[in-house]
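Structure, as structure tokens:
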Amino acid sequence: MSVQYGAWIGNVLVRNWKIDHHAEEDFHSRGIGVDKVMPLTLTERFLHGLEISPDRPAVRIGSDSVSYRRVHNMALRWAGSLMANGSPRSVGVLAGKSMTAYVGLLAVLYAGATVVPLQPNFPAALIRRMIKLAGVDTLIADEHGLTALPEIIDQEMGIRVLDTGGFAEKFPKIPVTSHPEISTPIKVTPSDRAYILFTSGSTGVPKGVPLSHGGFAHYFDLLDKRCDFRSDDVFSQTFDLNFDCGVHDVFSAWGAGATVQVVPPSAYRDLPAFLAEHGVTVWYSTPSAIWLAREMGGLEKGALASLRWSFFAGEALRCQDAADWQVAAPGSKVENLYGPTEFTISITWHRWLGEESEKRGVNGTVPIGKVHEAHDFRLVTEEGEKSHVEGELWITGPQMATGYLDPADEKGRFADLDGRRWYRTGDRVRANPDGELSYIGRLDSQVKVHGWRVELAEVDYLVRDCEGVRHAVTVTRSVIHGTELVVFYTGNEVPESALADDLRAVLPDSILPRRYVHLDNFPLNSNRKVDRLALQQWAEKLPG
């Protein structure tokens, strides 16, 4: 143990499940009881990984890699530079999945500030709004971010850019010192903000969500207790760093002294070869990655043999997709994770159990599982009554954000009840007798067609059961006589009359979809979820 790191960690309380044999002896020698320890903060997770794997790769991008030791030293220098003119509060990281991004987010945390990850390929006006709402006056940007910056900033913003590589000449800059200005990360409290993330905006303008160090500590505490992550693991990084699932990838790996492996879009052309070449053992993506891999022939039996863990989130996970992935990755535990941004990455989990999971699911999807420890939930009916069977999912607990950056956004999302603050997910779920939850669909995906109440997810399920159809997404469009359903589907191209005949056996004629559009693949948004908004817009433009 280095003198510098050892002196610092002596004042940190770390859970005994994260302490190796030598570290445990060190803690006892300092009089720190391992039975009185606390969950790790994000910076403590990296420092634990640094202690385990100082010279192992912390991040790999293509053929480039950077060690824990180098990331640590660079982050200390950048953090000290950020603090040279006072302690920063919120620092934007305007970058793709680059080395600048990974070192930058750690540097912001080392400085005791709040990370605001920003995606350079977002519209300039949207990024500008995020920067202003989050109170960002300092940016760390890679070359992609610097290219986008002139269209983003305006005269009122006064943005300064950390000059990490001599590319920030066009902007007011903060020089990076040649020696670290700080020797250890700034200490934080559980209530301090760690990140500001923005919701995906699927139901309107993205909302700024401040997430605390305590919320992240609770999440990763539970995850580490459940999963046997090791220093020789290699974690996929499929998510962008402005997405909450991307935080999972990074700090799950770093807490174990493992490697984060960036997965480029080209990897899906031959996913088995990519995973084998890079030794990926832990996978995390949206379920859309499963059908991408399947389309490319990547789900043959045993094709993903290197995987020990597979996580999916962001969309409903189909039972058939989970089963197919399990066949390709027979040595992997497969989990379905669920959680809105407002609940710090995810708030429920379900371990795939084959036929048992199929029995517990709804509409052919995998259950979302049980709510995390120390949290409470309730199901609320349309009449506002508590139900033990089905309703909108409300949750409260330590992973919950206290609100939005703009309090005006909180109406209809946060509620005070029984002396507690609850988050209303807007998701309709069903409770199984064993306490697990199954996802039915968004409340706003329940529509009325000719007076009939229709769950779009149920129509998706019925269409997927038609011969030749692999996956289906149902949307609505406005027509002269009201609202009608349009189905987009993949698989074999099937005559519309055949699909209509199949559905007529299970749906009233008045709510039958009126158009069936075959696609080779569904469009994906920046988070690699099916882009339902794009499909909705497409449906509105269809003739007739």
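Filter segment 277-314 for residues that are farther than 19 Å from T490 by Cα and of a type in the set (S, T, N, Q) and give the result.
T281, S285, S306, S310
Quick one: which of E342, E383, E373 is out of contact with any Pro (no Cβ under 9 Å at 6 or more places or on another chain), charged (D, E, K, R) and more than 30 Å from S212 (Cα to Cα)?
E383
Between K187, K207, which is basic (K, R) and within 30 Å of R442 (Cα to Cα)?
Selected residue: K207, the only one of K187, K207 that is basic (K, R) and within 30 Å of R442 (Cα to Cα).
Going by the structure shown, is Y516 closer than 29 Å to K386 by Cα and of a type outside the set (D, E, K, R)?
Against the criterion (closer than 29 Å to K386 by Cα and of a type outside the set (D, E, K, R)), Y516 does not qualify.
For the structure I just gave you, tell me whether D232 is of a type outside the set (G, A, S), surrounded by fewer than 20 Cβ atoms within 10 Å (Cβ to Cβ) and over 24 Å from M74 (Cα atoms).
It is false that D232 is of a type outside the set (G, A, S), surrounded by fewer than 20 Cβ atoms within 10 Å (Cβ to Cβ) and over 24 Å from M74 (Cα atoms).
Can you tell me which residue among D192, D142 is modelled with pLDDT of 90 or more, within 30 Å of P398 (Cα to Cα) and not assigned by TED's automatic domain parsing to the domain that holds R528?
Sole residue among the options that is modelled with pLDDT of 90 or more, within 30 Å of P398 (Cα to Cα) and not assigned by TED's automatic domain parsing to the domain that holds R528: D192.
Would you be able to say whether some residue in segment 264-283 is buried (at least 23 other Cβ atoms within 10 Å of the Cβ) and closer than 30 Å to A125 by Cα?
Checked against the condition, which is being buried (at least 23 other Cβ atoms within 10 Å of the Cβ) and closer than 30 Å to A125 by Cα, segment 264-283 yields no hits at all.
In segment 257-271, is there at least one residue being under 30 Å from R69 (Cβ atoms), part of a loop (DSSP other than H, G, I, E, B), of a type in the set (G, A, S) and under 21 Å from the mean Cα position of the chain (by Cα)?
Within segment 257-271 (the criterion being under 30 Å from R69 (Cβ atoms), part of a loop (DSSP other than H, G, I, E, B), of a type in the set (G, A, S) and under 21 Å from the mean Cα position of the chain (by Cα)), the answer is yes, since at least one residue qualifies.
Tell me which residues, restricted to segment 480-496, are over 23 Å from R318 (Cα atoms) and in contact (Cβ under 8 Å) with a residue 12 or more places away in the chain.
G482, T483, E484, E496
Name every residue in segment 346-363 that is over 27 Å from G298 (Cα atoms) and modelled with pLDDT of 95 or more, in order of residue number.
S346, I347, T348
Within segment 286-307, how many residues turn out to be under 15 Å from the mean Cα position of the chain (by Cα) and either modelled with pLDDT of 95 or more or under 18 Å from Y68 (Cα atoms) (or both)?
Number satisfying all stated conditions: 0.
Filter segment 182-191 for residues that are over 11 Å from L109 (Cα atoms) and surrounded by fewer than 16 Cβ atoms within 10 Å (Cβ to Cβ) and give the result.
Correct list: S183, T189, S191.
Identify, by number, the condition in (1) over 30 Å from R89 (Cβ atoms); (2) surrounded by fewer than 24 Cβ atoms within 10 Å (Cβ to Cβ) that D240 doesn't meet.
(1)
Which condition number does P150 fail, the rest of (1) under 29 Å from G214 (Cβ atoms); (2) surrounded by fewer than 24 Cβ atoms within 10 Å (Cβ to Cβ) being met?
(1)
If you check every pair at least six apart or on different chains, which have Cβ atoms under 8 Å apart with a residue in segment 223-237 that is over 16 Å from L337 (Cα atoms) first and a residue that is among the basic types (K, R) and outside any loop (DSSP other than H, G, I, E, B) second?
From residues that are over 16 Å from L337 (Cα atoms), the pairs are V234/R60.
Within segment 273-283, does at least one residue satisfy the condition of being at positive phi and without any contact (Cβ under 8 Å) to a residue 60 or more places away in the chain?
Looking for residues that are at positive phi and without any contact (Cβ under 8 Å) to a residue 60 or more places away in the chain, one finds at least one in segment 273-283, hence yes.
Considering every residue within segment 383-393, establish whether at least one is more than 17 Å from A293 (Cα to Cα), of a type in the set (G, A, S), touching a Ser or Thr at 6+ places or on another chain (Cβ under 7 Å) and buried (at least 19 other Cβ atoms within 10 Å of the Cβ).
Within segment 383-393, one or more residues are more than 17 Å from A293 (Cα to Cα), of a type in the set (G, A, S), touching a Ser or Thr at 6+ places or on another chain (Cβ under 7 Å) and buried (at least 19 other Cβ atoms within 10 Å of the Cβ).
Pairs needed: first member in segment 497-515, over 13 Å from V487 (Cα atoms); second member anywhere, surrounded by fewer than 15 Cβ atoms within 10 Å (Cβ to Cβ); C-beta distance under 6 Å; at least 6 residues apart or different chains.
Once the first residue is over 13 Å from V487 (Cα atoms) and sits in segment 497-515, its partners that are surrounded by fewer than 15 Cβ atoms within 10 Å (Cβ to Cβ) give S510/H450.
Looking at A141, A101, can you tell me which residue is in contact (Cβ under 8 Å) with a residue 60 or more places away in the chain and among the hydrophobic types (A, V, I, L, M, F, W, C)?
A101
The values are calculated or read from the model by the stated rules, or taken from the named source; none is laboratory data. Computed from a predicted structure; not experimentally measured. Cβ sites come from the backbone with ideal geometry, for glycine too, and all protein chains shown count toward neighbours.
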